[in-house]
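**Student:** Before we start, here is the structure in question, set down as structure tokens.
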Amino acid sequence: MPELPEVEIAARNLRAWTAGRTIERVETDPRARRIFRPARPPAVARALAGARFQAVRRMGKQLLIALEKDGAPLGLASHLGMTGKWVRRPEPGRRAADGAAAAPRHSRARLHLDDGATLHYQDLRLFGRLRVVPGARFEALPEVRALGPDPLADGVDPARLAALLARSRQAVKPRLLDQRLLAGVGNIYASESLFRARIDPRRAARSLSRAEVERLGAAIVEAMREGIARQEGPEIAYVEEGGENPFLVYAREGERCPRCRRARIARTVQAQRSTFFCPRCQR
DNA sequence: ACCCGTGTTCGCTG
DNA sequence: TCAGCGAACACGGG
């Protein structure tokens, strides 16, 4: 489920799984050519084999994994697309004997580490990317350069956000999906944030007052933080697919609004994506 | 069978 | 020149 909070959890997991580890061997799914850069899976496997993990960063929805191989820096940029996921086998805390052999479905790349664990990159729809970055020069990548500030790491500058919103005739909700504004906001959190800020998603982006932009910025940070808090920690149940919908309005068409308890959540389509909102609370 | 989907990119248009 | 739109990518679930 990758928007900023899910990618942040993935980054924390990868940090814990890879600290001090070396990649011994890499297997790639030859049919998943489109996720690899360069687009030859065996070349990616060869490039990563023998590399040692240095650091895992997140910028927006991008996972930037710094490695070292033969004394030189090397990078792996991982974008999860719609259905990408990193999992460890055996699962953390379990011994290698318990089901180490069972590869998860749609495993597109397997990194075999020097502690006996395997990190699987799973991706059903193949919209994700695994990109080898020579010299770990992530700043040179166009998809990284194009990213706006990360709301979690950098906070939200209302003046900057207001200026970028004003630059467009689009409705505010689809405008928020532009990663140049704030990196990491996706379709779910755009709806959630606008609900929290009580702003109608159909409003023209340029029509928002300064006070509304400030509310929106704060709501984005809040929604992201809560999303992370929901998924982290040993006690809190991980949000599994098939579990309860954890969102305030997303995918709740027809249900009563959790704020006013009177109107029902509506669904509309903007720029080919679903938007959920309360027609009574959001103005 | 049909519609829907957490993301991004590309080609076309006005 | 460029913002904005729709299609495309690929696959599974309801």
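Bear in mind that the values in this text are calculations on the coordinates, not laboratory data. Bear in mind the structure is a predicted one, so any value in this text is a computation, not a measurement. Note that each Cβ is placed from the backbone with ideal geometry, even for glycine, and that neighbours are counted across all protein chains shown.
**Student:** What is region A:111-257's relative contact order, in percent, from Cα pairs under 8 angstrom and six or more apart in sequence?
**Tutor:** For region A:111-257, the relative contact order is 20 percent.
**Student:** Calculate log10 I(q)/I(0) of region A:141-283 for q = 0.09, 0.10, 0.18 Å⁻¹, where I(q) comes from the Debye formula with a single equal point scatterer on each Cα and nothing for solvent.
**Tutor:** One equal scatterer on each Cα of region A:141-283 leads to -0.27, -0.34, -1.06.
**Student:** I would also like to ask the following. Starting with the fewest neighbours, write out A:K69, A:K173 ranked by other beta-carbon atoms found within 10 Å of each beta-carbon.
**Tutor:** Fewest-to-most ranking of A:K69, A:K173: A:K69, A:K173.
**Student:** Of chain A, which part is the longest with no GluC sites (Glu not before Pro) in a loop (DSSP not H, G, I, E, B) and with at most 11 other C-beta atoms within 10 angstrom?
**Tutor:** A:1-234
**Student:** By count of other Cβ within 10 Å, fewest leading, how are A:R88, A:R15, A:R31 ordered?
**Tutor:** By the 10 Å Cβ count, ascending: A:R31, A:R15, A:R88.
**Student:** Hey, could you get me the Stokes-Einstein D for chain A, Kirkwood radius over alpha-carbon pairs, 4 °C and 1.567 mPa s, rounded to whole µm² s⁻¹?
**Tutor:** Estimated via Stokes-Einstein, D reaches 64 µm²/s.
**Student:** Name the residue, out of A:P142, A:P151, A:P42, whose mean-square fluctuation peaks in a Gaussian network model built on chain A with Cα pairs under 10 Å.
**Tutor:** Judging by the Gaussian network model, the answer is A:P142.
**Student:** Could I ask something else about it? Can you give the local net charge around A:E226? Use residues other than it whose beta-carbon is closer than 14 angstrom to its beta-carbon, Lys and Arg +1, Asp and Glu -1.
**Tutor:** Net local charge, A:E226 excluded: -3.
**Student:** Also: With a/c under 1.5 counting as rounded, go ahead and sort region A:3-107 into rounded, prolate or oblate using the C-alpha gyration tensor (a ≥ b ≥ c being the square roots of the eigenvalues; past the cut-off, prolate if a/b is larger than b/c, else oblate).
**Tutor:** Rounded shape, in that the Cα axes give a/c under 1.5.
**Student:** Can you list the equivalent-ellipsoid semi-axes of region A:77-217, largest first and in whole Å, using the square root of 5 times each Cα gyration tensor eigenvalue?
**Tutor:** For region A:77-217, the ellipsoid semi-axes come out as 38, 17, 13 Å.
**Student:** Where does each of A:C257, A:C278 land when they are ranked from fewest to most other beta-carbon atoms within 10 angstrom?
**Tutor:** A:C257, A:C278
**Student:** What is the local net charge at A:V269, summed over the other residues whose Cβ is closer than 14 Å to its Cβ (Lys, Arg +1; Asp, Glu -1)?
**Tutor:** That works out to +3.
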